[in-house]
Amino acid sequence: MTPAHGIALGLGGLLLLFGTLMLVRPAWFRERLDLFPRSVWPARILLALAVVWWGLLIHISVLPFLNQFKPLILLGLPVFYLLLVIYLDELLAVRALGALLVLGANPVLIHVRWEDTPFRLLFVVVAYLMAVKGMVLVCAPYLFRIGCGRSLRGPRAVRTWGAAAAVLGAVMAVGGLILFA
């Protein structure tokens, strides 16, 4: 199993999971989506994941001008995390989700880059959409509520988007397993 298989299963599985939740329990999903931007503990957990991931990327990066600062950066990660939690608490869950989307696009692009099938372009497009959506969420987290409010107005809309997400997730997972060598 190659890393591209893992990317296909992970990304496809997440889309399939959220799509299935949207199909099966649209009112519950919409209610949770409304509560998400101001939820404290999911924000702190997502932010911790993003800060650790960012720290690991800096630590393994090959940037000679950073080599002398790498130990300080690693020691400063907890302080950085606390400063973000204290001073950037407004819609922190959405900002942390956006940071994870930006960070998550990198491994997708790295692992499907050399796959010899046009199917990889689906993953490339999804990765770029993740990166752009993540940047928007980090910079303007209030757009999360506006976007969800407009596109997921009622149960029918939630189910429609859920069906689209579930189908895309299934195609990505199964197609990735079959087509990635």
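The values are calculated or read from the model by the stated rules, or taken from the named source; none is laboratory data. Bear in mind the structure is a predicted one, so any value in this text is a computation, not a measurement. Neighbour counts are summed over all protein chains in view; Cβ atoms, including those assigned to glycine, are modelled from backbone coordinates with ideal geometry.
Within the set of pairs 6+ apart or on separate chains, which have a first residue in segment 130-150 that is at pLDDT below 95, a second that is assigned to a loop (DSSP other than H, G, I, E, B) and of a type outside the set (A, V, I, L, M, F, W, C), and C-beta atoms under 8 Å apart?
From segment 130-150, the pairs are P141/E90.
All but one of (1) in contact (Cβ under 8 Å) with a residue 24 or more places away in the chain; (2) out of contact with any Gly (no Cβ under 8 Å at 6 or more places or on another chain); (3) closer than 22 Å to A8 by Cα hold for L109, so report the exception by its number.
Every listed condition holds for L109 apart from (1).
Among the residues that make up segment 79-92, is at least one of them closer than 30 Å to L121 by Cα, surrounded by 15 or more Cβ atoms within 10 Å (Cβ to Cβ) and within 15 Å of the chain's Cα centre (by Cα)?
No, there is no match, as no residue in segment 79-92 is closer than 30 Å to L121 by Cα, surrounded by 15 or more Cβ atoms within 10 Å (Cβ to Cβ) and within 15 Å of the chain's Cα centre (by Cα).
Among the residues of segment 54-68, are any under 30 Å from D34 (Cβ atoms), buried (at least 18 other Cβ atoms within 10 Å of the Cβ) and of a type in the set (A, V, I, L, M, F, W, C)?
no
Picking from A48, A43, A4, which residue would you name as being of a type in the set (A, V, I, L, M), surrounded by 19 or more Cβ atoms within 10 Å (Cβ to Cβ) and within 25 Å of G76 (Cα to Cα)?
Exactly one of A48, A43, A4 is of a type in the set (A, V, I, L, M), surrounded by 19 or more Cβ atoms within 10 Å (Cβ to Cβ) and within 25 Å of G76 (Cα to Cα), namely A43.
Select the helices (runs of 4 or more DSSP H) contained entirely in segment 60-170, then report the ones holding at least 2 residues which are under 22 Å from L21 (Cα atoms).
Working: elements: 70-87, 92-112, 120-139, 142-151.
Once the helices (runs of 4 or more DSSP H) in segment 60-170 are filtered for at least 2 residues that are under 22 Å from L21 (Cα atoms), what remains is 92-112, 120-139, 142-151.
Of all the residues that make up segment 25-39, how many are touching a residue at least 60 places away in the same chain (Cβ under 8 Å), exposed (fewer than 15 other Cβ atoms within 10 Å of the Cβ) and under 18 Å from A163 (Cβ atoms)?
1
Table: residues versus (1) more than 27 Å from L109 (Cβ to Cβ); (2) surrounded by 15 or more Cβ atoms within 10 Å (Cβ to Cβ); (3) in contact with a strand residue (DSSP E or B) (Cβ under 7 Å, 6 or more places away or on another chain).
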{"residue": "V126", "(1), (2), (3)": "no, yes, no"}
{"residue": "R159", "(1), (2), (3)": "yes, yes, no"}
{"residue": "A164", "(1), (2), (3)": "no, no, no"}
{"residue": "A170", "(1), (2), (3)": "no, yes, no"}
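Within segment 114-124, take every residue that is buried (at least 18 other Cβ atoms within 10 Å of the Cβ) and touching a Phe, Trp or Tyr at 6+ places or on another chain (Cβ under 8 Å) and give me the one that is modelled with the lowest pLDDT.
Per the stated criteria, the residue is E115.
Sort out which residues of segment 42-99 are touching a Lys or Arg at 6+ places or on another chain (Cβ under 8 Å), more than 18 Å from K133 (Cβ to Cβ) and of a type in the set (A, V, I, L, M, F, W, C), and write them in order of number.
I58, V85, L88
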